[in-house]
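Below is one structure, written out as structure tokens; comments come after it.
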Amino acid sequence: MSAGIRRLLIASAIAAGIVALLSVLDLIVGVPFAGYSMVMDIMFLVSAALILYMVRQCFQELR
């Protein structure tokens, strides 16, 4: 696997993890976004989970 592709996959996984962490914190504590929209937090979690799944699949296919 190319080093550039590996770095891109790792960067997108880190970004998705940060988004998921912030949305979970917002759902539980209401800290980063002051609990503005529960629907948006759930959509962020779903999209982060999909991105993490796709990153995992890419790593498996490129081995």
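Per the conditions (1) small (Gly, Ala, Ser); (2) without any contact (Cβ under 8 Å) to a residue 24 or more places away in the chain; (3) in a helix (DSSP H, G or I), the sole criterion not satisfied by Ala34 is (3). Quickly run through the range 30-46 and pick out the residues that are aliphatic (A, V, I, L, M) and exposed (fewer than 14 other Cβ atoms within 10 Å of the Cβ). Selection gives Val31, Ala34, Met38, Val39, Met40, Ile42, Met43, Val46.
Considering only the range 3-29, state which residues are surrounded by fewer than 12 Cβ atoms within 10 Å (Cβ to Cβ) and either of a type in the set (Gly, Ala, Ser) or under 11 Å from the mean Cα position of the chain (by Cα) (or both). Even if it seems obvious, please write down each step before you answer.
If we filter the range 3-29 for residues that are surrounded by fewer than 12 Cβ atoms within 10 Å (Cβ to Cβ), which is where we start, we get 3-4, 7, 11, 14, 18, 28-29.
Of everything in the range 3-29, those that are surrounded by fewer than 12 Cβ atoms within 10 Å (Cβ to Cβ) and either of a type in the set (Gly, Ala, Ser) or under 11 Å from the mean Cα position of the chain (by Cα) (or both) turn out to be Ala3, Gly4, Ala11, Ile14, Ile18.
Does the range 53-62 contain any residue that is surrounded by 11 or more Cβ atoms within 10 Å (Cβ to Cβ), among the polar types (S, T, N, Q), assigned to a helix (DSSP H, G or I) and modelled with pLDDT of 95 or more? Outline the logic, then answer.
Narrowing the range 53-62 to residues surrounded by 11 or more Cβ atoms within 10 Å (Cβ to Cβ): 53-56, 58-59, 62.
Of the ones still in play, those that are also among the polar types (S, T, N, Q) are none.
No, the range 53-62 contains no residue that is surrounded by 11 or more Cβ atoms within 10 Å (Cβ to Cβ), among the polar types (S, T, N, Q), assigned to a helix (DSSP H, G or I) and modelled with pLDDT of 95 or more.
Scanning the range 8-31 for residues that are part of a helix (DSSP H, G or I) and of a type outside the set (A, V, I, L, M, F, W, C) returns Ser12, Gly17, Ser23, Asp26.
The values are calculated or read from the model by the stated rules, or taken from the named source; none is laboratory data. These figures come from a predicted structure and were not determined experimentally. Because the Cβ atoms are built from the backbone with ideal geometry, glycine has one as well, and the counts that use them run over all protein chains shown.
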